[in-house]
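The values are calculated or read from the model by the stated rules, or taken from the named source; none is laboratory data. Owing to the predicted nature of the structure, the values given are computational and were not obtained by experimental measurement. Heads up, the Cβs are rebuilt from the backbone with ideal geometry, glycines too, and the neighbour counts pull from every protein chain shown. SASA here: full protein model, heavy atoms, side chains in, ligands and nucleic acids out. Shrake-Rupley method; radii C 1.70, N 1.55, O 1.52, S 1.80 Å.
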Amino acid sequence: MGRLAQTDGLTDVQQEILGTVREFVDKEILPVAQRLEREDAYPAEIVDGMREMGLFGLTIPEEYGGLGESLLTYALAVEEIARGWMSVSGIVNTHFIVAYMIMKHGTEEQRRHYLPRMAAGEVRGAFSMSEPGCGSDVSAITTRAARDGDGYVIDGQKMWLTNGGTANLVAVLVKTDEGADSVYRNMTTILVEKEPGYGEVEPGLTIPGKISKLGYKGVDTTEMVFDGYRAAASQVLGGTPGRGFYQMMDGVEVGRVNVAARGCGVALRAFELAVRYAQERRTFGRRIAEHQAVQFRLADMATKVEAAHQMMVMAARKKDSGQRNDLEAGMAKYLASEYCKEVVEDAFRIHGGYAYSTEYEIERLYREAPMLLIGEGTADIQRMIIGRRLLEEYGLPS
């Protein structure tokens with residue numbers, strides 16, 4: 001292990017957890033990632049290994065059967081996993097967001113019902129906010145839950161569900177009629193239980209199938225179609241409708257730290273591949289690492305890897321301290337995803353023509369990096385969040 005992307009101030013427990021995850025990545029993920037990615041195959045054995053390690057319950061409190069670790073520990077574990085194969089980190093990300101939302105916003109009954117089984121990996125979560133026509137404009141969602149007796153009837157279509165087929169619990173943002181003036185207070189998060197799989201998985205609920213993607217393969221990304229699906233009032237997150245938008249945004253804030261961690265992991269792997277290849281490949285009678293142009297490129301890459309990692313760590317620690325971290329999370333996600341793209345592209349250039357071959361790992365990273373530019377909010381959305389928060393902090397007195 002090199003000196004890049006190190007984190008000061010970790011406890012012995014944190015170091016032990018991360019050492020175990022790093023060993024798992026090196027032995028169980030990296031050797032099979034290329035094959036599984038080409039086959040677009042769900043990494044069932046890797047997921048089973050993570051479940052045995054307790055990673056699905058890493059941040060769930062001990063009283064609910066988890067390990068009770070911090071967001072920082074989780075983010076650093078995700079960084080390690082993404083270094084092996086980014087798709088695997090996506091499997092735990094949405095699960096973690098749903099677990100966090102239940103921990104933070106759920107009723108005690110919901111916490112006791114779901115969290116122990118989520119910690120054990122028996123219940124796996126997915127997160128559903130986006131729709132075919134709304135993109136970054138969450139206010140434009142059209143999926144609606146209408147009151148019907150002691151529950152709700154849901155109709156509409158959701159899009160871009162990571163784990164949509166394999167998950168059996170989905171946190172879904174819907175519109176409800178609460179009579180509020182703001183559209184954001186007429187949104188509710190409903191916890192939808194379903195069977196894993198495709199087709200009509202529950203009466204009135206269909207998962208059409210996997211969406212074919214440029215990269216980020218292996219993990220299933222799906223649509224979700226509601227047509228008269230019935231949900232009990234007890235499935236409203238927190239028990240009170242009209243709070244869904246704010247609950248989801250809290251989850252997304254945590255998710256942005258996760259996406260930043262994924263960007264850090266992919267960038268670190270790209271740097272590792274590039275610095276090794278540069279010392280193996282010879283041109284004009286010497287290793288290409290001896291050429292000044294390549295050294296400059298490696299220097300830029302390493303600096304970006306380190307800067308993104310430290311920004312991600314700061315954002316995670318801010319959230320763990322209980323402070324508002326939307327500014328730091330936005331900065332971390334923006335910086336890490338942009339730098340990841342640039343580091344991967346530089347690694348691609350160092351590999352030359354071989355980078356274009358599917359036999360080389362860098363080709364996979366080159367297709368994975370773009371997803372981070374749009375996941376959990378595009379770069380422009382992050383810049384808008386950052387800009388607004390800066391004006392709040394540095395605004396002139398009225």
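Output yes when any residue across region 106-114 is within 20 Å of the chain's Cα centre (by Cα) and surrounded by fewer than 24 Cβ atoms within 10 Å (Cβ to Cβ), and no when none is. No - not one qualifying residue is present in region 106-114. Mind checking whether some residue in region 212-224 is in contact with a His (Cβ under 6 Å, 6 or more places away or on another chain) and modelled with pLDDT of 95 or more? The answer is no, given that none of the residues of region 212-224 is in contact with a His (Cβ under 6 Å, 6 or more places away or on another chain) and modelled with pLDDT of 95 or more. In region 39-51, the residues that are free of Cβ contacts under 8 Å to residues at least 60 places away in the same chain and over 16 Å from Y216 (Cβ atoms) form Cβ pairs under 8 Å with partners that are open to solvent by 10 Å² or more (accessible area, probe 1.4 Å) and among the acidic types (D, E), at six or more places apart or across chains, as follows: E45/E28; G49/E28.
Within region 381-398, take every residue that is among the charged types (D, E, K, R) and either in contact (Cβ under 8 Å) with a residue 12 or more places away in the chain or assigned to a loop (DSSP other than H, G, I, E, B) (or both) and give me the one that is most open to solvent (accessible area, probe 1.4 Å). Going through the qualifying residues, I end up with R383. Determine whether region 283-298 contains at least one residue that is free of Cβ contacts under 8 Å to residues at least 12 places away in the same chain, assigned to a strand (DSSP E or B) and touching a helix residue (DSSP H, G or I) at 6+ places or on another chain (Cβ under 7 Å). Yes, that holds for at least one residue.
Residues of region 181-203 include none that is surrounded by fewer than 24 Cβ atoms within 10 Å (Cβ to Cβ) and closer than 30 Å to A347 by Cα. Just one of the listed residues (V138, V174, V183) is among the β-branched types (V, I, T) and under 19 Å from Q235 (Cα atoms), namely V174. Taking the listed residues E368, E361, E376, the one that is open to solvent by less than 20 Å² (accessible area, probe 1.4 Å) and touching a residue at least 40 places away in the same chain (Cβ under 8 Å) is E368, with no other qualifying.
Each residue in region 52-75 was checked for being among the hydrophobic types (A, V, I, L, M, F, W, C) and either in contact with a Lys or Arg (Cβ under 8 Å, 6 or more places away or on another chain) or open to solvent by less than 10 Å² (accessible area, probe 1.4 Å) (or both), and 6 of them qualify.
Which residues, taken from region 300-325, are of a type outside the set (A, V, I, L, M, F, W, C) and open to solvent by less than 30 Å² (accessible area, probe 1.4 Å)? Answer for region 300-325, where residues must be of a type outside the set (A, V, I, L, M, F, W, C) and open to solvent by less than 30 Å² (accessible area, probe 1.4 Å): H309, N325. If we scan region 335-352, do we find a residue that is on the phi > 0 side of the Ramachandran plot and open to solvent by less than 40 Å² (accessible area, probe 1.4 Å)? Within region 335-352, one or more residues are on the phi > 0 side of the Ramachandran plot and open to solvent by less than 40 Å² (accessible area, probe 1.4 Å). Look at (1) closer than 23 Å to C340 by Cα; (2) open to solvent by 60 Å² or more (accessible area, probe 1.4 Å); (3) among the basic types (K, R) and you find that R83 fails only one, number (2). Taking first residues from region 233-258 that are of a type in the set (F, W, Y) and partners that are assigned to a helix (DSSP H, G or I) and open to solvent by 30 Å² or more (accessible area, probe 1.4 Å), the Cβ contacts under 8 Å between residues at least 6 apart in sequence or on separate chains come to F245/Y184; F245/R185; Y246/Y184.
What residue, among those in region 120-138 that are under 19 Å from the mean Cα position of the chain (by Cα) and assigned to a loop (DSSP other than H, G, I, E, B), is farthest from R185 (Cα to Cα)? Here the answer is G121. Kindly indicate whether any position in region 322-335 is closer than 22 Å to K213 by Cβ, modelled with pLDDT of 95 or more, among the hydroxyl-bearing types (S, T, Y) and outside any loop (DSSP other than H, G, I, E, B). No; the residues of region 322-335 include none that is closer than 22 Å to K213 by Cβ, modelled with pLDDT of 95 or more, among the hydroxyl-bearing types (S, T, Y) and outside any loop (DSSP other than H, G, I, E, B).
The condition (being surrounded by fewer than 17 Cβ atoms within 10 Å (Cβ to Cβ) and under 30 Å from L191 (Cβ atoms)) is satisfied by just one residue among G255, G251, G209, G265: G209.
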